[in-house]
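Trainee: Submitted below is the structure of interest, expressed as structure tokens.
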Amino acid sequence: MNPNYQLPDSQDSYGFGFLDEFAKREIRRVILKAISIPGYQTPYASREMPMGRGFGTGGLQLTLSMIGPDDTLKVIDQGSDDSVNAVNLRKFAELTCPEVSTTESTTGATLIQTRHRVPEIALREDQVLNLQVPYPDPLVIVEPSEAKRKIMHGEGDYARLLTKLYEDLVKFDEITISHRYPTRINGHYVIDPSPIPRYDVPRLHQSKALLLFGAGREKKIYAVPPYTNADPLVFDDVPFRTESFDTADGQRRACARCGSTNSFLDELNLEDGSKAWQCSDTDYCNRQSARTDAGEVTQ
């Protein structure tokens, strides 16, 4: 222990960012290692947090270890700033990081914590995106032994995972993975990109922002550094495709609120039994709505 370290004045008080400085330092070191080896699942000593594992403890530990008084934090869940998970995590950050500003604007944030979505607005070089991850290893569906999975990752042996994709094609004429699509990083490691939809996977490729993935329950951190190749695992003769929002006659559905035809849409069941589609990214939808109100063309 550092002989100069001073305990808090009260056992009931916490330092900035809830985590003690030793925990933050370790997580930062692990982040540096993860950046140095893109896609590698770096183990770390995941701390106990005042919330159940599986509710974003991995992403939150990343955020609390990196955040500083000059940062502006945005927290989203499935693109929404107002979901229960996003609101609770944002309130916890505001409580434990009193000098940090929070925002619902993607462009106004320096640090973004997210669950299940990558923002629609392209990220910048000065931004960091922290993704909450429930299960970090894509090989778990074909190999239960973690020791064997480590060997397979080290050797770049993803034949059994490719066989799983091939079986999907044989049985269903398409790959049925709707989220957590296995993605090869920098030509070697294949990662689980967290439960983002396939629509968001291309956003990982050559991203200007640093992308960090934290799995608190599984005690793993991995990264996609800026300007790194991220390629969906596919066959040469079966191109990767994202979700379709086309109607039966081939027309692209538009957001019922802002009119956008260029975003990921959530399907809504209305009280009269009909259905509507709306942008899942609330900030993007608000911006497009403002443009529409101002008389600009929305796409």
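Trainee: Under a point spin-label approximation (7 Å from Cα along Cα-to-Cβ), what is the Val238-Arg253 distance to one decimal in nm?
Mentor: Distance between the two pseudo-spin positions: 2.5 nm.
Trainee: Next question. Taking the Cα centre of segment 21-232 as origin, sum charge times position over the Cβ atoms of Lys and Arg (+1) and Asp and Glu (-1), and report the length of that vector in debye to the nearest 20.
Mentor: In total the dipole reaches around 520 debye.
Trainee: For a quick check: sort Arg28, Arg184 by the number of other beta carbons within 10 angstrom, fewest at the front.
Mentor: Lowest to highest Cβ neighbour count: Arg28, Arg184.
Trainee: While we're looking at this one, here's another question. With Cβ to Cβ distances under 12 Å as the rule, what net charge do the other residues near His179 carry (K, R +1; D, E -1)?
Mentor: Local charge sum for His179: +1.
Trainee: While we're here: What ranking of Asp237, Asp81 emerges when the number of other C-beta atoms within 10 Å of each C-beta is taken as an exposure proxy, fewest first? Walk me through the numbers on the way to the answer.
Mentor: Numbers: Asp237 5, Asp81 20.
Ordered from fewest to most neighbouring Cβ atoms within 10 Å, Asp237, Asp81 come out as Asp237, Asp81.
Trainee: Further question: Length gain on complete extension for the stretch Ser178 to Asn286, per 0.36 nm per residue less the alpha carbon to alpha carbon distance?
Mentor: 36.2 nm
Trainee: Please sort 221-229, 17-25 by packing, taking for each peptide the average over its residues of neighbouring beta carbons within 10 angstrom, highest first. Intermediate results must be reported in sequence, preceding the final value.
Mentor: Values: 221-229: 21.2, 17-25: 16.7.
Averaged packing, sorted descending, gives the order 221-229, 17-25.
Trainee: Further question on the same structure: Using amide H atoms built 1.01 Å from N in the peptide plane, name the residues 5+ places from Cys279, or on other chains, whose amide H lies under 5 Å from its own.
Mentor: Ala256, Arg257, Cys258, Asp266
Trainee: In nm, what is the difference between 0.36 nm times the number of residues separating Arg25 and Val170 and their Cα-Cα distance?
Mentor: 47.4 nm
Trainee: Cβ neighbours within 10 Å, averaged per peptide: list 47-55, 258-266 in order, most packed at the top. The partial results should precede the final answer.
Mentor: Values: 47-55: 14.1, 258-266: 19.1.
Going by the mean number of other Cβ atoms within 10 Å, highest first, we get 258-266, 47-55.
Trainee: How large is ³J(HN,Hα) for each residue in segment 93-107, as worked out from phi by the Karplus curve 6.51 cos²θ - 1.76 cosθ + 1.60 (θ = phi - 60°), to whole Hz, x for Gly and Pro?
Mentor: For segment 93-107, the Karplus curve yields 5, 5, 6, 9, 10, x, 8, 8, 8, 10, 8, 9, 8, 5, 6 Hz.
Read-outs throughout are calculated quantities, based only on the coordinates presented, and are distinct from any laboratory measurement. This is a predicted model, so every value here is computed, not measured. We place every Cβ from the backbone using ideal geometry, glycine too, and count neighbours over all the protein chains shown.
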